[in-house]
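Structure first, commentary second.
Bear in mind these aren't lab numbers, they're just calculated from the coordinates by the rules spelled out. Just so you know, these numbers come straight off a predicted model, no measurement behind them. Cβ placement follows ideal geometry from the backbone for every residue including glycine, while neighbour counts extend to all protein chains displayed.
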Amino acid sequence: MNLPEHFTDAGLLPPGDYPLTIPELRESLLVYGPDDRPPTWDSEWRGHLVDNLAILTDQLFATGITEIFIDGSFVEDKDHPNDIDGYFECDLVALASGELERSLNRLDPRKCWTWEPRSRRPYRGYPKLQLPMWHIYRVEFYPHVGQLSGIRDGFGNELEFPSAFRLSRRDGAQRGIVKILRARAA
């Protein structure tokens, strides 16, 4: 499914799964905005976020992770999103044993891969404590092994990441999500 050229009237990526490589994402609506984008649309910042995303997705691909998804305000018509949110599907044993975290940190020079609550730190003006990867890359990935996300639907039911990430936090409306693909061979 190709990425649409416009957001919905509610400012969301239309519902659906949009598989894109990092180069395709860099050239998309999500970086350059719609034709009628406001002058405050920050393509440079959005491009910077994609550059950081590329670092982390390359590390995930190098460890054998192939199911990688991004969403958040980055897939909405927000002029200057704070970050890119995402999740990836992984093996429960590799996650629980710490092997996945160790493998990722061997690849990352800043050793940012952890989901340990004690690793979270404040950032000025933000009420939520942020993970090290957010402080370094402004990208926040969560592993998904079938667990609940902590995000609830309109009826109060806790959702798994695949469902939760397809809903806008603004109003619970359905929105699209981007699946990051390995670069295609030339």
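Under 5 Å between amide hydrogens, built in the peptide plane, is the criterion, and for V178 it picks out Y18, I70 among residues at least 5 positions away or on other chains.
Summarising the strand pairing of the chain, around 50 percent of its internal DSSP beta bridges are antiparallel.
Among the chymotrypsin sites (Phe, Trp or Tyr not before Pro) in region 51-109, none is located in a DSSP loop while being surrounded by at most 13 other Cβ atoms within 10 Å of its own Cβ.
Reported to the nearest whole Å, the Cα centre-to-centre distance from region 1-52 to region 65-83 is 9. Could you tell me how many degrees, from 0 to 90 and to the nearest 10, lie between the Cα long axis of helix 43-62 and the main elongation axis, the longest principal axis, of the Cα atoms of the chain? Once rounded, the angle reads 30 degrees.
With r as the distance between the Cβ atoms of R110 and D9 and R0 = 30 Å, compute the FRET efficiency 1/(1 + (r/R0)^6) and round to 0.05. Let's see the in-between values first.
Working: r = 40 Å, r/R0 = 1.34.
Working from the Cβ atoms, E equals 0.15.
With 10 angstrom as the radius, rank R166, R37 by how many other C-beta atoms surround their C-beta, starting from the fewest.
Details: R166 20, R37 15.
If I rank by nearby Cβ atoms, fewest first, I get R37, R166.
Extension gain, Y32 to T66, is 9.6 nm, computed as 0.36 nm per intervening residue step minus the present C-alpha separation.
Could you work out the relative contact order of region 1-160, using alpha carbon pairs under 8 angstrom and six or more residues apart, expressed as a whole percent? If you can, show how the numbers build up before the last one.
Numbers: 203 pairs, mean separation 29.0, N = 160.
18 percent.
With no solvent and one equal point scatterer per Cα, compute the Debye intensity ratio I(q)/I(0) for the chain at 0.09, 0.11, 0.14 Å⁻¹ and report its log10, rounded to two decimals. With no solvent term, the Cα-only Debye profile gives -0.32, -0.48, -0.80.
Each of the peptides 152-158, 13-19 was scored by the mean count of other Cβ atoms within 10 Å over its residues; in descending order, highest first, they stand as 13-19, 152-158.
Working note: Karplus 6.51/-1.76/1.60 with θ = phi - 60° gives region 112-122 the couplings 8, 7, 6, 10, 5, x, 5, 7, 5, 10, x Hz, where Gly and Pro are set to x. Dipole size of the chain about its Cα centre, with +1 on Lys/Arg Cβ and -1 on Asp/Glu Cβ: approximately 720 debye, rounded to the nearest 20.
Counting only lysines at least 8 places from K128 when in the same chain, those with an alpha carbon closer than 24 Å to its own are K78, K111. Here is how the number arises for the chain: DSSP H runs of 4 or more residues each give -39500 (n - 2.57), the sum is divided by the residue count, and the result at 222 nm is -7500 deg cm²/dmol. Taking label positions 7 Å along the Cα-Cβ direction at both R118 and S97, the computed distance is 2.4 nm, reported to one decimal.
Backbone phi angles across region 70-76, fed through the Karplus curve with coefficients 6.51, -1.76 and 1.60 (θ = phi - 60°), yield HN-Hα couplings of 10, 7, x, 5, 5, 9, 10 Hz in residue order; Gly and Pro are listed as x. Counting only Cα atoms, the size of region 1-72 along its three principal axes is 40, 26, 18 Å, in decreasing order. For region 92-167, the equivalent ellipsoid derived from the alpha-carbon gyration tensor has semi-axes of 23, 19, 10 Å in decreasing order.
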